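What follows is one structure encoded as structure tokens, with my remarks underneath.
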Amino acid sequence: MQIENYLIRKSSLEKLFNNLVGNGKTVYAPKAGEKRILFEEVKAFSEITDNYLVTTNAAKSVVFPRTEKLFSYKKTKETTEIIDASTETVSEVVLWGTRPCDAAAFIPLTDTFNGDYPDVLYNNRRGKVYLLSFSCTTCDEYCFCTSVNGGPGNTAGSDILFTKLSTGDYLAEAITEKGKQLVADNQSLFEAAPAEAKESNLAKVKTYFNQDEIQAKLQNLFENPVWDEKSRACLGCGSCAFVCPVCSCFDIQDEKHGSKGSRLRCWDSCGFGLFTLHTSGHNPRGTQGARWRQRILHKFLYMPNKSKVAGCVGCGRCSRVCPADINILETVTAL
Ligand code: SF4
Ligand code: SF4
């Protein structure tokens, strides 16, 4: 699809935001808290911070909530009424301020929820999301998007990608039909494309490895001391999975209150010992090393084998939050 380039003035971003909210869209954006920058719902432009590398949490909860009702039921003596959650109306959501890695993460995430059969709940939400991303102008030692076929100005996954120019104004790349429609709906805010090239304004992200090479190597590394070595400090807390924009493991819970109840889908993690524990007491992934291996193989081997896209976009969130200082990049580069 042909990308359309425009200029948008810094002062026009607030007008664009107000138009989106005025049109009934719910906007999630990076918001500065006491200790963290989180993707949260914002009502006013002034609540948004642009002083962030990446948010601590991922934007995935908008399409894959931490806990989500699949259906509920009500029983009477004669009947059981089932209320299917997938028929509920979903509102339009704008994710404002996603980074290119966050936007790219929606590609493998959507693949996962459309693997064996299309997940209606997920697809309903995903269809209503607009991704308005901002290119990275800075990076840190945890970033490795360029090792997994991404980049600080990568357009994959975004509807519009904004890149800050030396003037303080922005290059706006309208990538998808949704993005182009949004530009058309707000035409007075967008001007002719700037002359300045985008590349000189992007962060310089070091490339540590090549995704295709690591994928090929991992075919033969199921038995390797690195799994135990690199996971020895792991507490099995699951933080790495919960902040990851691609991780999508879930568990199903049934809740019953008298004659009513519901079935819930809740985030889970392959890093938890309980995740694969059988009723018999046997656990096929009985050690943290085996669980760490699964995490790496799933992201860098099984997912790209199945859908051609890795299950990691190199955002570095998992390594930044890990209380045991386990760094996914160290494991992959060691391999
Ligand atoms: S965040 Fe760190 S300690 Fe927690 S499960 Fe992940 S690797 Fe283990
Ligand atoms: S595995 Fe870590 S670096 Fe890769 S996408 Fe998930 S949080 Fe980001």
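A few points about this structure:
- Residue selected from the range 297-315 under the condition surrounded by 22 or more Cβ atoms within 10 Å (Cβ to Cβ) and touching a Cys at 6+ places or on another chain (Cβ under 9 Å), by the criterion farthest from residue 106 (Cα to Cα): 300
- Flag if residue 178 is touching a residue at least 40 places away in the same chain (Cβ under 8 Å), in a helix (DSSP H, G or I), farther than 28 Å from residue 22 by Cα and not polar (S, T, N, Q): no
- The residue of the range 213-253 that is nearest to ligand 1 (Cβ to nearest atom), among those that are farther than 19 Å from residue 39 by Cβ and aromatic (Phe, Trp, Tyr), is 227.
- A Cβ distance below 6 Å, combined with a sequence gap of six or more or placement on separate chains, defines the contacts here; from the range 182-200, residues that are more than 27 Å from residue 138 (Cα to Cα) reach residues that are crowded, with 18+ Cβ neighbours inside 10 Å and at pLDDT 95 or above in the pairs 186/16.
- Some residue of the range 256-265 being in contact (Cβ under 8 Å) with a residue 40 or more places away in the chain and within 20 Å of the chain's Cα centre (by Cα): yes
- Of all residues in the range 34-49, those satisfying the criterion of being out of contact with any Leu (no Cβ under 8 Å at 6 or more places or on another chain) and surrounded by 12 or more Cβ atoms within 10 Å (Cβ to Cβ) are 36, 37, 38, 40, 41, 42, 47, 48, 49.
- Residues being within 11 Å of ligand 1 (Cβ to nearest atom), of a type outside the set (Lys, Arg) and within 15 Å of residue 242 (Cα to Cα) - total across the range 293-325: 5
- Here residue 285 meets each of (1) without any contact (Cβ under 8 Å) to a residue 24 or more places away in the chain; (2) closer than 29 Å to residue 155 by Cβ; (3) among the basic types (Lys, Arg) with one exception, condition (2).
- Qualifying residue in the range 168-177 (condition: surrounded by fewer than 19 Cβ atoms within 10 Å (Cβ to Cβ) and out of contact with any helix residue (DSSP H, G or I) (no Cβ under 8 Å at 6 or more places or on another chain)): yes
- From the options 47, 34, 68, 78, residue that is of a type in the set (D, E, K, R), touching a residue at least 40 places away in the same chain (Cβ under 8 Å) and out of contact with any Phe, Trp or Tyr (no Cβ under 7 Å at 6 or more places or on another chain): 68
- With respect to the conditions (1) surrounded by fewer than 18 Cβ atoms within 10 Å (Cβ to Cβ); (2) among the hydrophobic types (A, V, I, L, M, F, W, C); (3) farther than 22 Å from residue 69 by Cα, residue 266 lacks only one, and its number is (3).
- Residues located in the range 266-294, provided they are closer than 20 Å to residue 61 by Cβ, of a type in the set (A, V, I, L, M, F, W, C) and within 21 Å of the chain's Cα centre (by Cα): 266, 267, 270, 272
- Only one of the numbered conditions (1) over 16 Å from the mean Cα position of the chain (by Cα); (2) aromatic (Phe, Trp, Tyr); (3) away from ligand 2 (no atom under 16 Å from the Cβ) is not met by residue 142, and that is (3).
- The range 306-330, subset of a type in the set (S, T, N, Q) and at pLDDT 95 or above, residue nearest to ligand 2 (Cβ to nearest atom): 319
- Qualifying positions in the range 13-31 - within 19 Å of the chain's Cα centre (by Cα) and of a type in the set (A, V, I, L, M): 27, 29
The values are calculated or read from the model by the stated rules, or taken from the named source; none is laboratory data. From a predicted model like this one, the values you see are computed outputs, not experimental measurements. No Cβ is skipped: glycine too gets one built from the backbone with ideal geometry, and neighbour counts run over all protein chains shown.
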